1. Which residues, counting only those in region 99-121, are farther than 18 Å from Val53 by Cα and in contact (Cβ under 8 Å) with a residue 12 or more places away in the chain?
2. Could you list, in sequence order, the residues of region 72-98 that are more than 17 Å from His41 (Cα to Cα) and free of Cβ contacts under 8 Å to residues at least 12 places away in the same chain?
3. I'd like to know if region 27-40 contains one or more residues that are more than 22 Å from Leu110 (Cβ to Cβ) and modelled with pLDDT of 90 or more.
4. Looking at this structure, is Glu51 touching a helix residue (DSSP H, G or I) at 6+ places or on another chain (Cβ under 9 Å) and either among the polar types (S, T, N, Q) or at pLDDT 85 or above (or both)?
5. Looking at Lys67, is it of a type in the set (Lys, Arg), closer than 16 Å to Leu27 by Cα and within 14 Å of the chain's Cα centre (by Cα)?
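The values are calculated or read from the model by the stated rules, or taken from the named source; none is laboratory data. In this text the structure is predicted, and so the values were computed from the model without any measurement. Here the Cβ positions follow ideal geometry from the backbone for every residue, glycine too, while neighbour counts run over all protein chains shown.
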Amino acid sequence: MSERVAQDTEAVEGPTQEEFVTWVEGLVSQMESVDRSANMHWCAHWWAHTEAVDRLTALHAQWLVAKEENSMSHWWVSHFDAHAKVLFAIHGPFGQCGTKHVEKGVRRTLACEQPPATWSW
């Protein structure tokens, strides 16, 4: 196993919940490009949106790497911009919230079924 793979598979202690929340709050406090008139949406209760939390967690992990590697431009273009297109979209996790949080009655999830025993690939 290469040294890089070994590093990637080691258990890494992540940020605390408080550190993560502080990071999200700091990130969104800098946002100037999220515009509701352009069908871009944000929800102050971001933590109530599972997909958003997963995407923000992934963004934070890559942000930590980019800070260490001095590659923030790459992070903005390759990571943030890609996730922002989904996060802030009208059909994204915050799309129904408007100016206040809207509790979703039923989560929109994709269904999966086990393939039949005769299926192979």
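1. Selection gives Thr99 alone.
2. Selection gives Met72, Ser73, His74, Trp76, Val77, Ser78.
3. Taking region 27-40 and keeping what is more than 22 Å from Leu110 (Cβ to Cβ), we get 27-40.
Filter again for modelled with pLDDT of 90 or more, leaving 27.
Yes, there is a match, as at least one residue in region 27-40 is more than 22 Å from Leu110 (Cβ to Cβ) and modelled with pLDDT of 90 or more.
4. Working: touching a helix residue (DSSP H, G or I) at 6+ places or on another chain (Cβ under 9 Å): yes; either among the polar types (S, T, N, Q) or at pLDDT 85 or above (or both): yes.
So Glu51 passes the test.
5. Working: of a type in the set (Lys, Arg): yes; closer than 16 Å to Leu27 by Cα: yes; within 14 Å of the chain's Cα centre (by Cα): no.
It is false that Lys67 is of a type in the set (Lys, Arg), closer than 16 Å to Leu27 by Cα and within 14 Å of the chain's Cα centre (by Cα).
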